[in-house]
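J.: This is the structure, below, for whatever I ask next.
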Amino acid sequence: MRFFVAVAYCWFLLPLAADAQTRTAADLANYRGADREEILKAGAKKEGKLIWYTSLTAHRDIANVFEAKYPGVKVETYRAASADLTRRLLNEAQARRNIADLVETTPATLMAMRDSKLLHPYYSPHLGAYPEESKEEADRSRVYWTTDRESMVGLGVNRNMIKAAEVPKTFSDLAKPENKGKVGVSGDSTGVRFIGAVIRAKGEEFAKQLRLIEIKMHMISGGAMHELLAAGEMPLSISIFRNHVLAAQSKGAPTEWLPMDLVPTNAGGVALPLSTTNVHAALLLADFLLSPEGQKIYEDKFRFAVPTRNYGFKRFYPEKGMTLDQYEKSEERWKKLLRDIVARR
């Protein structure tokens with residue numbers, strides 16, 4: 001009798017053991033046990049791979065580090081600009097042909113996915129290190145996405161063309177008559193975000209005063225704008241990414257980056273698609289990107305700013321607290337104002 005009881009007990013336990021190994025995606029996304037990494041590693045090895053959609057240029061470098069850390073887990077990457085990534089993800093969802101296991105990109109894409117109910121809320125053991133404004137919270141302990149890297153927009157200076165004492169330190173300094181004709185701006189979202197920060201900090205009427213200094217607009221990217229600045233096409237630019245300057249300084253560029261009253265960020269965030277297939281591997285990569293190790297790679301190797309560090313100036317996340325529709329309307333208003341106050345080139 002004892003033998004049969006023991007056998008019956010074992011058969012009773014088998015479904016429980018199997019269930020422990022076949023947790024749902026929602027269970028795994030919310031799992032907080034001390035053995036989280038081991039469970040994710042074991043599951044990821046069985047899955048063998050994940051498909052990572054991102055707008056991050058350095059995606060392959062980071063994937064290589066991850067693959068070395070977790071042998072047996074391959075990362076297949078698809079990289080595209082944010083707008084193209086949005087179209088692809090929404091088209092795949094509409095066709096019920098979901099491919100991405102993890103998404104890392106800028107907020108516009110993530111907002112579109114959130115508003116379309118295509119994201120899994122998730123937990124990570126590293127979330128406590130992140131300030132609240134860097135997280136899009138789903139509830140008190142889970143997020144729809146977490147900012148993992150930031151390209152900060154500020155004032156770019158060509159040190160060969162302007163004296164240190166003449167460099168504007170604030171938005172009010174920038175608006176002074178002595179800067180007339182000295183300032184360039186990118187006509188893409190980089191310049192638009194800068195104007196959004198000016199409006200947030202000083203108001204729309206102040207922003208209109210920048211018309212008096214005759215800012216010259218260039219219809220090029222923020223990266224191309226830095227190249228013009230470094231080449232001496234202008235002494236100052238208000239649409240320069242901090243990471244571009246840091247990378248160029250190591251190669252001898254005469255440029256410097258300075259924060260002003262409020263620093264708008266072009267952030268990248270980590271999100272888990274609702275339809276993820278390789279959920280263990282996806283969560284393992286998400287935890288890696290958000291870990292101190294991942295943050296160090298972003299900061300040291302690629303010169304991104306990271307939300308886990310205080311750089312001594314105030315950040316501005318333009319999309320925070322908005323739906324995609326609300327943000328697009330705000331961005332359109334800022335874009336119109338930028339065009340009104342600049343001299344086009």
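Where a number appears in this text, it was derived from the coordinates with a stated rule and is not lab data. Everything quoted here is computed from the prediction, not taken from an experiment. Neighbour counts are summed over all protein chains in view; Cβ atoms, including those assigned to glycine, are modelled from backbone coordinates with ideal geometry.
J.: Using the alpha-carbon atoms, what tilt in degrees (0 to 90, nearest 10) does helix 36-47 show relative to the longest principal axis of the chain?
T.: 80 degrees
J.: Among DSSP beta bridges whose residues both lie in the chain, state the antiparallel percentage, nearest 5.
T.: Values: 25 of 44 bridges.
Beta bridges within the chain, antiparallel portion: roughly 55 percent.
J.: In addition: Using only DSSP helix segments of four residues or longer, with each worth -39500 (n - 2.57), what per-residue ellipticity at 222 nm results for the chain after dividing by its residue count and rounding to 500? Working shown, then result.
T.: On the way: 14 runs with 145 residues, N = 345.
Helix-only estimate at 222 nm: -12500 deg cm²/dmol.
J.: Over the Cα atoms of the range 125-281, Rg to Rh with Kirkwood Rh, two decimal places? If you can, show how the numbers build up before the last one.
T.: On the way: Rg = 18.2 Å, Rh = 17.1 Å.
Rounded to two decimals, Rg over Rh is 1.07.
J.: Still on this structure, I have one more. For Cα pairs less than 8 Å apart in space and 6+ apart in sequence, what is the mean separation divided by the residue count of the chain, i.e. the relative contact order in percent?
T.: Details: 608 pairs, mean separation 86.8, N = 345.
Taking the mean separation of contacting Cα pairs over the length of the chain, I get 25 percent.
J.: About its Cα centre, what dipole magnitude does the range 217-317 give when the only charges are +1 on Lys and Arg Cβ and -1 on Asp and Glu Cβ, stated in debye to the nearest 20? Mind showing how you got there, number by number?
T.: Working: 8 positive and 8 negative charges, 26 e Å.
Rounded to the nearest 20 debye, it is 120 debye.
J.: Going by alpha carbons, how many degrees (0 to 90, nearest 10) lie between the helix axis of 324-341 and the longest principal axis of the chain?
T.: On a 0 to 90 degree scale, this one is about 20.
J.: Identify the trypsin sites (Lys or Arg not before Pro) of the range 45-141 meeting these criteria: DSSP loop state and at most 15 other C-beta atoms within 10 Å of the C-beta. Let's see the in-between values first.
T.: Details: sites: 45, 46, 49, 60, 69, 74, 79, 87, 88, 96, 97, 114, 117, 135, 140; in loops: 96, 97, 117, 140.
Counting only loop positions with at most 15 other Cβ atoms within 10 Å, the trypsin sites (Lys or Arg not before Pro) in the range 45-141 are 96, 97, 117, 140.
J.: Give me 110, 274, 262 ranked fewest to most by other Cβ atoms within 10 Å of their Cβ, as a rough exposure proxy.
T.: Details: 110 29, 274 16, 262 19.
The fewest-first ordering by Cβ neighbours comes to 274, 262, 110.
J.: Moving on. Cα-based count: Lys pairs in the range 175-330 below 17 Å, eight or more positions apart or different chains?
T.: Here the count comes out as 10.
J.: Once the Cα atoms of helix 59-69 and of the chain are each reduced to a long axis, what angle between those two axes, in degrees from 0 to 90 to the nearest 10, is obtained?
T.: The angle comes out near 40 degrees.
J.: Can you run phi through the Karplus equation (6.51, -1.76, 1.60; θ = phi - 60°) for the range 222-231 and list ³J(HN,Hα) in whole Hz, with x for Gly and Pro?
T.: 3J(HN,Hα) across the range 222-231, in whole Hz: x, x, 5, 5, 5, 4, 5, 4, 5, 7.
J.: Right, another one. Compute the separation of the alpha-carbon centres of the range 96-125 and the range 23-46 and state it in Å as a whole number.
T.: Each part reduced to its Cα centre gives a spacing of 19 Å.
J.: Pull up the cross-link candidates among the lysines for residue 45, meaning alpha carbon to alpha carbon under 19 Å and not fewer than 8 places away within one chain.
T.: Answer for residue 45, where 19 Å is the Cα cut-off: 69, 74, listed by chain and number.
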